[in-house]
Structure formats: structure tokens, C-alpha cells
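Engineer: Encoded as C-alpha cells, here's the structure I'll be asking about.
The values are calculated or read from the model by the stated rules, or taken from the named source; none is laboratory data. Source: prediction; values computed, not measured. Neighbour counts run over all protein chains shown; Cβ positions are idealised from the backbone, glycine included. Ligands, DNA and RNA are stripped out before the accessible areas are found, and what is left, the full protein with its side chains, is counted by its heavy atoms. Shrake-Rupley method; radii C 1.70, N 1.55, O 1.52, S 1.80 Å.
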Amino acid sequence: MDRAAFAFIEPMIGLPVWGANQGFGSFLTLEFGAPSPVREGYGEWHVWIYCCNWQILREGVELAWSESDSSSIKRAVSTLNQHCLSDISVEPPSGRSAFLFDGGLALETWPYGGDPSEEQWMIYAGSRVLTHLADGGFRDLPSTATMHGHG
């Protein structure tokens, strides 16, 4: 992970997830930190798992993945709540990444396999958004108009 991306993510390490939720289709959202005073229902750090494959594992055993039925996804996503983020790893150029949590939980992502600039996940914090792309790279932009209507 590049230095700027690590600096953006580092304050999230050690914080518990709250409000983990399945959005439209296989989109996932995770909240970290204090509730946002500006965006109701969002945390200081709002993670949106977007255009990618993903799986949630406990001790290496899959609980659900992006193509599982909705009830399996809902159950697996809810297991993340209250678990603390211990690390986020990325593997460029494969585009694979993992959100690692205490309790042996992990949320792993990987590209669909199409467009290398496709947005796999975004982390919103204040007026910035860090985007992880399918090619394993990052984009860091202001978040003004990019967050509404996705959950």
C-alpha cells in the first residue's frame, strides 16, 4: 500500500465495525469511528465495498461471498459488527485486498476481471474518499458528490 493510502487508513486500525450492512445487490457498507455529524447513519470512516467479488471468512472458512443468497450474506455481514479492524492489506497488481478483524474474521476482495480502473471499494472520511481500483492502485479525491444514494 502506498504511503498516502496507509496514512489515510491508519486511524481506522483498532476501531470496531458498526452498522455493517448489505446494500443493493452485493454491495456492502461498514462504519468505523464516531457517527458522522453531517451524514446520518454513517461513521467517521464509511467503507463501501462496490464493484468486486468478496468473501467473508472466519478462521479461513467462508461464511458467504458476493454471489451467496441474500440471507447468507446478511448473516455473514452481521458477524463483522463489533469486531475491531486489525489491518487492511492489498496485493497489487492482482487487485486483491483484505480487511482483517479480530476474532479471525476477514473480508477479502478481488476484481471482477474486466476494467482495471473499476472501483472495488471506497473509504469515505470527512471531505476525502480513498478508492481502491481493480488494478491494485488507489485514487484519493474529495468526496463531495460521490457518496449519496449508494447504501
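Engineer: In Å², and per residue, what accessible area does the chain have when probed at 1.4 Å with the other protein chains present?
Structural biologist: Numbers: 7320 Å² over 151 residues.
It amounts to 48 Å² per residue over the chain.
Engineer: Then there's this: So, with +1 on the Cβ of K and R and -1 on the Cβ of D and E, and no other charges, what is the size of the charge dipole of the range 46-102 about its Cα centre, to the nearest 20 debye? Don't skip to the answer; put the middle values down first.
Structural biologist: Numbers: 4 positive and 7 negative charges, 30 e Å.
Here the range 46-102 has a charge dipole of around 140 debye.
Engineer: While we're on this one: What shape does the chain have by the C-alpha gyration tensor, where a ≥ b ≥ c are the square roots of the eigenvalues, rounded means a/c under 1.5, and otherwise prolate means a/b greater than b/c and oblate the rest?
Structural biologist: Numbers: a/c = 1.28, a/b = 1.08, b/c = 1.18.
Taking the square roots of the gyration eigenvalues as a ≥ b ≥ c, the chain is rounded.
Engineer: For the chain, what relative contact order do you get, as a whole percent, if you take Cα pairs closer than 8 Å and at least 6 residues apart? Walk me through the intermediate numbers first.
Structural biologist: On the way: 334 pairs, mean separation 34.6, N = 151.
With pairs under 8 Å counted, the relative contact order is 23 percent.
Engineer: First check a/c for the range 1-51, with a ≥ b ≥ c the square roots of the eigenvalues of its C-alpha gyration tensor; if it is under 1.5, answer rounded, and if not, answer prolate when a/b is larger than b/c or oblate otherwise.
Structural biologist: Working: a/c = 2.05, a/b = 1.26, b/c = 1.62.
Oblate.
Engineer: At a 1.4 Å probe, what is the % contribution of carbon and sulfur to the accessible area of the range 18-151? Before the final figure, lay out each step's value.
Structural biologist: Values: 3430 of 6340 Å².
The computed percentage sits at 54.
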